[in-house]
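Here is the structure we will look at, set down as structure tokens.
The values are calculated or read from the model by the stated rules, or taken from the named source; none is laboratory data. Not measured: the values here are computed from a predicted model. Cβ sites come from the backbone with ideal geometry, for glycine too, and all protein chains shown count toward neighbours. Quick note on the areas: whole protein, heavy atoms, side chains included, nothing else; ligands and nucleic acids left out. Shrake-Rupley method; radii C 1.70, N 1.55, O 1.52, S 1.80 Å.
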Amino acid sequence: MGFMSVLSFAHKLITERLAPGDRAIDATVGTGADTLFLARTVGPRGGVYGFDIQSAALTLTEERLQTAASTGEALPPVTLLLESHAAMAQCVPPAWHGTVGAIMFNLGYLPSASADKAIITKTDSSIAALEAALQLLRPGGIVTAVLYPGHEGGDQEAAAVLAWASDVSTQVAQSIVYRQLQRSTAPYVIALEKKKGLISIK
């Protein structure tokens, strides 16, 4: 049996750390797969925010959530915002700062047949969003970022995120990478776990 996929690995890391009743953020909702995963993981007593700059992504996510709810699943309140992930710190309530259990990033472009593949996440806003994510996390909380170096612009963004994560002080967070070494264009995951016992400054 092979290694698990990058998405499954990101989900595994989060499942081990996110508890029912927690708060979570999907920084790039895309088609809503991660949004629904976070909603299911925190349960009806939790809360989820989701961000995307494309209205089509929010529509796809709303449809996915509604389908799950229609089967009787008890989901938490999910707030979807047509905003850049770089604005998350300004958009979530002040009470969320320093209390979020998990924040997911799935960078690149919207994986939908009708989507404009020229619309991709950008390095500057992604790094700003990752910086904000560390501030929003509670101690022991986790950020995961799935990176796609195989498309135009994705290689530069992936390299920049890798460099950023490598430079984060171990006094703030521990960072790891999960990737296939034989294919330089294969997607990979970077994860950062905020240091426990660290006091968040609001």
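Some notes on this structure:
- Bridge type composition, the chain - antiparallel percent by DSSP, nearest 5: 40
- Choice from 125, 70, 175 showing the highest fluctuation, given a GNM over the chain with Cα pairs closer than 10 Å: 70
- The relative contact order of segment 9-99 comes to 30 percent, based on Cα pairs under 8 Å that sit 6 or more residues apart.
- Dipole of the chain, positive direction: furthest Cα of 121, 77, 108, with charges on the beta-carbon: 77
- With protein chains left intact and a 1.4 Å probe, residues in the chain average 49 Å² of accessible area per residue.
- Top of 191, 163, 86 by mean-square fluctuation, Gaussian network on the chain, Cα under 10 Å: 163
- With a Cα cut-off of under 30 Å and a minimum spacing of 8 residues unless on different chains, the lysine pairs in the chain number 10.
- For residue 108, the residues whose modelled amide H falls within less than 5 Å of its own, excluding neighbours fewer than 5 places apart on the same chain, are 121.
- Segment 1-141 shape via C-alpha gyration tensor axes, a/c threshold 1.5: rounded
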